[in-house]
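K.L.:
Right, I'll just put the structure down here and ask away after.
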Amino acid sequence: MTAAGPLAAGSNRELFERAQRVMPGGVNSPVRSFRSVGGTPYFVARASGPFVWDVEGRRYIDYVQSYGPGILGHAHPDVVAAVRDAAGRGTSYGAPTENEVRMAEEMCARVDGLEMVRLVSSGTEAVMSAVRLARGVTGRPTVVKFAGCYHGHSDALLVAGGSGVAQQGLAGSEGVTAGAVADTVVTPYNVVPELDETVAVVCVEPVAANMGLVAPVAGFLEGLRAACDRAGALLLFDEVITGFRLGWGGATGWFGVRPDVWCFGKVIGGGLPMGAFGASAEVMGAVAPLGGVYQAGTLSGNPLATAAGLAVLARLDPEAYVRLEALVRRLQAGLTEAFAAAGVTAVVPRVGPLLGLFFAAAEPVDFDEAKAAADNGVYPRFFHGMLERGVALAPGAYEAIFVSLAHTEEIIDETVEAAAGAARDLATS
Ligand SMILES: *Cc1c(COP(=O)(O)O)cnc(C)c1O
């Protein structure tokens with residue numbers, strides 16, 4: 001790896017000052033502002049594999065990885081080549097392309113029960129559209145969601161969202177009317193709720209990864225499936241993080257529980273804006289132009305995004321997941337050991353290649369427990385201890401740790417060494 005590229009315009013501090021004058025909080029997505037950890041965000045100049053470099057030339061081992069899309073690491077040569085090639089042939093047409101067909105075929109081939117998809121431009125858009133579809137198909141109004149699960153920033157789904165919503169200390173958001181959430185019911189994660197016949201859809205992150213990492217307890221997802229079947233409601237797996245990261249067949253393949261509706265994002269766009277929702281051919285038959293549920297997008301199925309997504313999926317064979325999980329196990333073991341050696345109370349929950357971190361004695365099972373563990377003031381200190389040592393974790397305690405296939409064993413060991421130092425600092429300060 002070489003040092004920083006061409007000299008960038010200014011320091012992190014200068015850029016942050018300029019940014020704050022022209023963008024709220026200096027950022028285009030709240031968590032990036034470092035509000036919950038304090039300090040000045042690093043402004044990225046470039047990235048490669050497991051690393052990002054800031055505008056001051058500092059290198060960080062990156063566990064943010066754009067909060068999920070970077071499963072191959074940054075600027076993977078296949079993805080860069082695919083995007084370059086696609087860009088030269090035009091960036092958007094407003095007409096169908098072969099790569100959209102290939103993308104949909106790839107997704108349906110991997111996920112058991114998924115027969116048709118509609119490509120959109122973000123995870124938010126995917127879930128928002130999927131909820132409309134569920135309401136259209138069932139003719140019912142109510143959406144059930146679980147506290148601490150994040151499903152994007154559409155009005156009806158922000159209530160008790162995890163991720164940045166949790167970091168801002170907001171229950172939901174100002175500017176959302178009572179009417180917009182009147183049909184949303186929020187209930188605790190890992191408890192199967194009673195459903196009545198007004199329920200159109202139960203939305204769940206099959207592994208909750210936006211309140212830190214909270215695994216589903218045994219029987220939870222199966223219980224949701226049964227409850228939805230009894231009530232005639234649809235079960236929606238929001239696989240925007242788990243999809244094509246947890247394993248070849250996403251959470252559906254991992255847990256062997258089949259929802260009625262899926263949402264995807266992050267990994268499938270390879271770092272370009274793309275999301276998708278899908279279901280059986282029967283359910284997707286309700287989507288326009290086949291049916292009466294309207295959904296559209298100028299940039300949907302964008303040629304750069306499908307080119308990148310296909311390049312990513314081509315690399316994600318079953319063996320890739322074995323490698324990714326082995327790397328994550330190594331990191332989990334190393335972090336656990338580092339905290340124990342320093343006498344720091346912490347848990348490092350893992351589901352396959354998904355990893356979390358809480359400064360608590362036990363793994364949280366719901367949002368209340370996750371909040372207590374995330375808001376005890378330890379995470380910001382650990383975060384800065386790691387950043388000083390050249391390791392970038394997410395600037396907020398509610399995010400997962402994203403390891404990529406570009407993180408080698410050596411990089412993991414370097415991370416663990418940094419963690420040992422940061423943990424010692426926690427114990428002594
Ligand atoms: C990130 C995320 C979303 C929203 O996706 P965007 O592309 O940020 O709009 C929705 N659901 C889950 C589970 C997510 O992690």
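K.L.:
How large is the Kirkwood hydrodynamic radius of the range 77-315, in angstrom, based on all distinct alpha carbon pairs?
P.N.:
For the range 77-315, inverting the mean 1/r across all distinct Cα pairs yields 18.0 Å.
K.L.:
Ok, one more. In whole Hz, what ³J(HN,Hα) sequence does the range 283-296 give by Karplus (6.51, -1.76, 1.60; θ = phi - 60°), x for Gly and Pro?
P.N.:
Here the 3J(HN,Hα) series is 5, 5, x, 7, 7, 4, x, 6, x, x, 8, 7, 6, 7 Hz.
K.L.:
Among 62, 260, 196, which one shows the highest mean-square fluctuation when the chain is modelled as a Gaussian network with alpha-carbon springs under 10 Å?
P.N.:
Of 62, 260, 196, the Gaussian network model singles out 196 as fluctuating most.
K.L.:
I would also like to ask the following. Which whole-number percent of Cα pairs in the range 316-429 have a distance greater than 21 Å?
P.N.:
Of the Cα pairs, 33 percent sit more than 21 Å apart.
K.L.:
Report, in degrees rounded to the nearest 10, the 0 to 90 angle that the Cα long axis of helix 220-231 makes with the longest principal axis of the chain.
P.N.:
Computed tilt is about 20 degrees.
K.L.:
For helix 77-88, report the angle its Cα long axis makes with the longest principal axis of the Cα atoms of the chain; keep it between 0 and 90° and round to the nearest 10°.
P.N.:
Between the helix axis and the principal axis of the chain, the angle is about 60 degrees.
K.L.:
How high is the relative contact order of the chain, given as a whole-number percent (alpha carbon pairs under 8 Å, six or more residues apart)?
P.N.:
Normalised by residue count, the contact order of the chain is 21 percent.
K.L.:
Given the C-alpha centroids of the range 82-117 and the range 188-249, what is the distance between them in whole angstrom?
P.N.:
Cα centroid to Cα centroid, the span is 27 Å.
K.L.:
Modelled label-to-label distance, residue 428 and residue 98, 7 Å Cα→beta-carbon offset: nm?
P.N.:
Here the answer is 6.2 nm between the modelled labels.
K.L.:
For residue 368 and residue 191 in one chain, what is 0.36 nm times their gap in residues minus the Cα-Cα distance, to one decimal in nm?
P.N.:
This chain segment gains 62.4 nm when fully extended.
K.L.:
Moving to a separate point now. Modelling each spin label as a point 7 Å along the Cα-to-Cβ direction, I'd like the residue 230/residue 108 distance in nm, to one decimal.
P.N.:
For residue 230 paired with residue 108, the spin-label model returns 3.4 nm.
K.L.:
Summing Lys, Arg as +1 and Asp, Glu as -1, what charge do residues with Cβ under 9 Å from the Cβ of residue 356 carry, residue 356 excluded?
P.N.:
Summing Lys and Arg as +1 and Asp and Glu as -1 gives -1.
K.L.:
Consider just the alpha-carbon atoms of the chain and return their Rg together with their Dmax, both in angstrom.
P.N.:
According to the Cα coordinates of the chain, Rg and Dmax are 21.0, 64 Å.
K.L.:
Of the residues 199, 181, 131, which exhibits the maximal mean-square fluctuation in a Gaussian network model of the chain defined by a 10 Å Cα contact cut-off?
P.N.:
Highest fluctuation of the listed residues: 181.
K.L.:
Taking the beta-carbon count within 10 Å as an exposure proxy, list 151, 74 from fewest neighbours to most.
P.N.:
Fewest-to-most Cβ neighbours within 10 Å comes out as 74, 151.
K.L.:
Figure the gain on full extension for residue 281 and residue 155 (residue separation times 0.36 nm, minus the Cα-Cα span) and round it to one decimal in nm.
P.N.:
Going from the current span to full extension adds 42.6 nm.
K.L.:
Put +1 on the Cβ of each Lys and Arg and -1 on the Cβ of each Asp and Glu in the range 282-387; which of 316, 298, 361 then has its Cα farthest toward the positive end of the dipole?
P.N.:
Of the candidates, 316 comes out farthest on the positive side.
Read-outs throughout are calculated quantities, based only on the coordinates presented, and are distinct from any laboratory measurement. Worth saying up front: this structure is predicted, and the values here are computed from it rather than measured. Cβ: placed from backbone, ideal geometry, glycine included. Neighbour counts: every protein chain shown.
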